[in-house]
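Remarks on the structure that follows.
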Amino acid sequence: MNESGITMRIKKDDRVKVIAGNSKGVEGRVLKVFPKSRRLVVEKVNMIMRHTRQTSQQDQGGIIEKEAPIDASNVMLICPKCGELTRTSNVKLSDGPTVRKCGKCGETLSDEV
């Protein structure tokens, strides 16, 4: 849980679809998650131009295009089993661990990819 008491239901390497903003409709893989600020970086979404200075003779400066974080509320998880956009719920299994469960098909989502 983060400081606001809300857990992030999307994890690194999950497939998500952007449902709001300039990149609406784009699907991608989550590259990085920032739970405290409830933001995440999705590949090929929210691309920015970063102007970098040459730091040494070997490094080349210039304009680099990279992904910037977006708010977690602007994306929805794509279930790997049924392929639908879904919400998840956390379910405690009888043998101990807590796993995520798809809201559409009811299958458990593996945290290992």
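Bear in mind these aren't lab numbers, they're just calculated from the coordinates by the rules spelled out. Just so you know, these numbers come straight off a predicted model, no measurement behind them.
Students often forget the sequence filter, so: which lysines lie under 21 Å Cα-Cα from LYS32 once same-chain residues fewer than 8 apart are removed?
Partners found: LYS11, LYS12, LYS17, LYS24, LYS44, LYS66.
Mind sorting out which of (1) 24, 14, 12; (2) 34, 15, 12; (3) 32, 16, 13 is the real semi-axes √(5λ) of the Cα gyration tensor in Å computed from the coordinates?
The value computed from this structure is option (3).
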